[in-house]
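Here is the structure we will look at.
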Amino acid sequence: MSVLRNTVRTTWIAWAENIALVFIISFAFYTTLPLKTTQTLFVPQGSIGNIISQLTKKGYELSVIDSYILRLMGSPQSGWIHIGKNELNRIDFLYKLTNAKAMIHKVTLIPGETSELFLDMLSQKLKLDKGKLQKYYQEFSPYPEAGIYADTYYIPYGIKEKHLMHFLVRESEKKYKSISEKIYGNYNQKQWQKVLIIASIIQKEAANNQEMPLVSSVIYNRLKKGMRLQMDGTLNYGKYSHIKVTPERIRTDKSTFNTYKHKGLPPSPIGAISLSAITAAIKPAKTDYLYFMKNDKGVHDFAKTFKKHRKNVRKAK
């Protein structure tokens, strides 16, 4: 009887070993099968089962076995990833789903730039519809300009116009709210718009960060005395961001951005602003300056009187 038991046990062990060997060979063969793909791939959000299902619907020959393999490898990241090849074996493809680098666009909004030109750059670089970008910017931003904080942003590949504008404005609002709460203890959009207007003028006029508190003091001093600001930078709004302000432009521009003709501040910010400009708008230097003129060194000479200002103008010319 013991001999029979041993024979049966040996037979079962041999059978199990054969099955295991067949499984290992089959599994190895399965994982090395070639799989066609695109060099860039969008991985949907959701569970591993949902990801496999969605990719299968897009023509990828995947199965439940791939779900188990993925669970052992880790969780796939959602969004656009760079595969780098049009064909690779199955195990390498599954590895790419969990380890490939996300495709990211790096975009920078330069301080002083207008949304008109920034959105134009975005539409070209990200191949998006400028009209839709403008539509959603106006829908989400509480400010006509400066609704997007001047900074560098990392944008996922394949993002649509609505989501992009929502992301940029939301991140900017977080930044503004954080700064405002640190200084004022709250965040009031009406109050903050005035800060942004002054900061945007400072951004356009100052030659460097060190000058910003001085330019800010000139703005506040002129407003306090009821003087027109008479600053070229306020005419660099919208599509005029990089257009040189000429005497003819000053005469013909009838908008309320023309501070040579209209007293007070422009109706809204004139461009994107930096933290340095915001800080200067909130904390101007304590001076009696009413004028400034760019000199041959590219920075400004500040003056308390018109007589001194005229002297600076003659020196610059």
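Coordinate-derived values only; no laboratory data. Just so it is clear, the model here is predicted, and its values are computed rather than measured. With ideal geometry, Cβ positions are generated from the backbone for all residues, glycine too; neighbour counts draw on all protein chains shown.
Selection among 88, 289, 48 by position relative to the dipole of the chain gives 289 as farthest towards the positive end (Cβ unit charges, Cα centre).
Compute the angle between helix 115-125 and the longest alpha-carbon principal axis of the chain, please, reported from 0 to 90 degrees and rounded to the nearest 10. The answer is roughly 30 degrees.
Taking the longest Cα principal axis of the chain as reference, the axis of helix 2-31 is set at about 30 degrees. Here semi-axes √(5λ) of the Cα gyration tensor in Å was computed from the coordinates, and among (1) 66, 19, 16; (2) 39, 26, 20; (3) 43, 25, 16 the match is (1). Determine the relative contact order of the chain: mean sequence separation of Cα pairs under 8 Å and six or more apart, normalised by residue count, in whole percent. 15 percent.
Only Lys, Arg, Asp and Glu carry charge here, each on its Cβ (+1 for the first two, -1 for the last two); on that basis the range 185-316 has a dipole of about 560 debye about its Cα centre. Label sites at residue 139 and residue 285, each approximated as a point 7 angstrom past Cα along Cα to Cβ, lie 4.5 nm apart. Applying 0.36 nm per residue to the separation of residue 311 and residue 207 and subtracting their alpha-carbon distance, the gain on full extension is 35.4 nm. A cut-off of 5 Å between modelled amide H atoms, ignoring neighbours fewer than 5 places along the same chain, links residue 157 with 80, 103, 104, 105. Helix 64-73 and the longest principal axis of the Cα set of the chain meet at an angle near 60°.
Taken one residue at a time, the phi angles of the range 79-93 give Karplus couplings (6.51, -1.76, 1.60, θ = phi - 60°) of x, 7, 10, 9, 7, x, 9, 9, 8, 7, 6, 4, 5, 5, 5 Hz. Gly and Pro are set to x. Diagonalising the gyration tensor over the Cα atoms of the range 50-192 and scaling each eigenvalue by 5 before taking the square root yields semi-axes of 39, 18, 13 Å, largest first. Structure remark: mean-square fluctuation, Gaussian network model of the chain, C-alpha springs under 10 Å; the largest value among 79, 59, 233 belongs to 59. Computed from backbone phi, the HN-Hα couplings of the range 164-180 come to 5, 5, 4, 5, 5, 5, 4, 5, 5, 4, 4, 5, 4, 4, 4, 5, 4 Hz, rounded to whole numbers (Karplus: 6.51 cos²θ - 1.76 cosθ + 1.60, θ = phi - 60°; Gly and Pro given as x). Only one residue of 134, 111, 214 has its Cα farthest out toward the positive end of the dipole of the chain, where Lys and Arg carry +1 and Asp and Glu -1 on Cβ, and that residue is 214. Quick one: dipole size for the chain, taken about the Cα centre, charges +1 on Lys/Arg Cβ and -1 on Asp/Glu Cβ, in debye to the nearest 20. Dipole of the chain, to the nearest 20 debye: 1820 debye. What the phi angles of the range 252-265 give under the Karplus curve with 6.51, -1.76 and 1.60, with θ = phi - 60°, is a coupling list of 9, 6, 9, 6, 6, 7, 7, 7, 7, 9, 10, 7, x, 7 Hz, glycine and proline written as x. Which distance in Å, rounded to a whole number, links the C-alpha centroids of the range 135-213 and the range 37-59? When both Cα centres are located, 36 Å separates them.
Rank these for me by crowding, 129, 296, going from fewest to most other beta carbons within 10 Å.
The fewest-first ordering by Cβ neighbours comes to 296, 129.
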